[in-house]
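Colleague: Shown below is the structure under consideration.
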Amino acid sequence: MELLIATLTDKGASMKFGISAARGLSAVAGSVIAGFLIASPAAADATGAAAPVPPNTTNSAASHTAAKGLSENDQNRDERIVRAVVRADGTLVPGQSFGATSATRVEHPVGTYQVCFAVPITNGTYVASIGFPGNSGASAPGEITVVGRAGTDNCLYIQTFNSAGTLADRGFHVVVVYSGQR
């Protein structure tokens, strides 16, 4: 069954546009520009063909492609995680930390901390974020930097800043992913 959407005329010429009734009136969402109907992508042609699917959706063929890029060696790596939650005063929160042995606020300058772990982490990936311990409250905004601590293979050097870029004491969370293979 064909449903007539529009009849447009320009100096006696007539153009008709229609879509299948099964597709509904989604083509009505189009626009008439210079005498032509511009239909939305949701509208199918008169044959009832499906509208194109973007490649990043779960309905696309690309979404069913297996992940590529990891070598066999990377797939078999023994990755491990340690983490620490540290209060603004430099004390470690034991219930939220795993593998961390200590945290201290370095006296000079403010906003400078050292966090140590029970394992070597020099070849790891370090991720840190400003935040309170627990799951309630909101910390003051700010920034954080994290690098391996010079002279040791199991500690991090962390600095926290306020939003103006000045060193400031802030609580934080840090996660280290490292290889168990040495």
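Colleague: With every protein chain left in place, what is the accessible area per residue of region 98-182 in square angstrom, probe 1.4 Å? Before the final figure, lay out each step's value.
Modeller: On the way: 4390 Å² over 85 residues.
That works out to 52 Å² for each residue.
Colleague: In addition: Note down the net charge around T125, summing +1 for each Lys or Arg and -1 for each Asp or Glu among other residues with Cβ under 12 Å from its Cβ. Write out the running numbers ahead of the final one.
Modeller: Numbers: positive: R80; negative: E79.
It works out to a net charge of 0.
Colleague: Give me the number: length gained by fully extending A140 to D78, i.e. 0.36 nm times residue separation minus the C-alpha to C-alpha distance, one decimal in nm. Mind showing how you got there, number by number?
Modeller: Values: separation 62, 0.36 × 62 = 22.32 nm, distance 3.65 nm.
Gain on extension, A140 to D78, equals 18.7 nm.
Colleague: How much length is gained if the chain between T152 and R87 is pulled fully straight, taking 0.36 nm per residue apart and subtracting their Cα-Cα distance, in nm to one decimal?
Modeller: On the way: separation 65, 0.36 × 65 = 23.40 nm, distance 2.26 nm.
In short, 21.1 nm is gained.
Colleague: Within region 63-182, what whole-number % of the accessible surface is contributed by carbon and sulfur, with the 1.4 Å probe and all protein chains included in the calculation? Don't skip to the answer; put the middle values down first.
Modeller: Numbers: 3660 of 6970 Å².
Within region 63-182, the accessible surface is 53 percent carbon and sulfur.
Colleague: Pop a pseudo-label 7 angstrom from the Cα along the beta-carbon direction at both N123 and T166 and give the gap in nm to one decimal.
Modeller: Spacing of the two 7 Å Cα→Cβ label points: 4.3 nm.
Colleague: Would you mind counting up the charge near V86? Only other residues with Cβ under 12 Å from its Cβ, with Lys and Arg at +1 and Asp and Glu at -1.
Modeller: Details: positive: R83, R87, R105, R170; negative: D89, D169.
With Lys, Arg at +1 and Asp, Glu at -1, the net is +2.
Colleague: Which net charge results when you count Lys and Arg as +1 and Asp and Glu as -1 among the other residues whose beta-carbon is under 12 Å from that of G99?
Modeller: On the way: positive: R80, R83; negative: none.
Local net charge: +2.
The values are calculated or read from the model by the stated rules, or taken from the named source; none is laboratory data. Computed from a prediction, not measured in an experiment: that's the story for all the values here. As a convention, Cβ positions derive from the backbone with ideal geometry for all residues, glycine included, and neighbour counts pool all protein chains shown. With ligands, DNA and RNA removed, areas are computed over all heavy atoms of the protein, side chains included. Shrake-Rupley method; radii C 1.70, N 1.55, O 1.52, S 1.80 Å.
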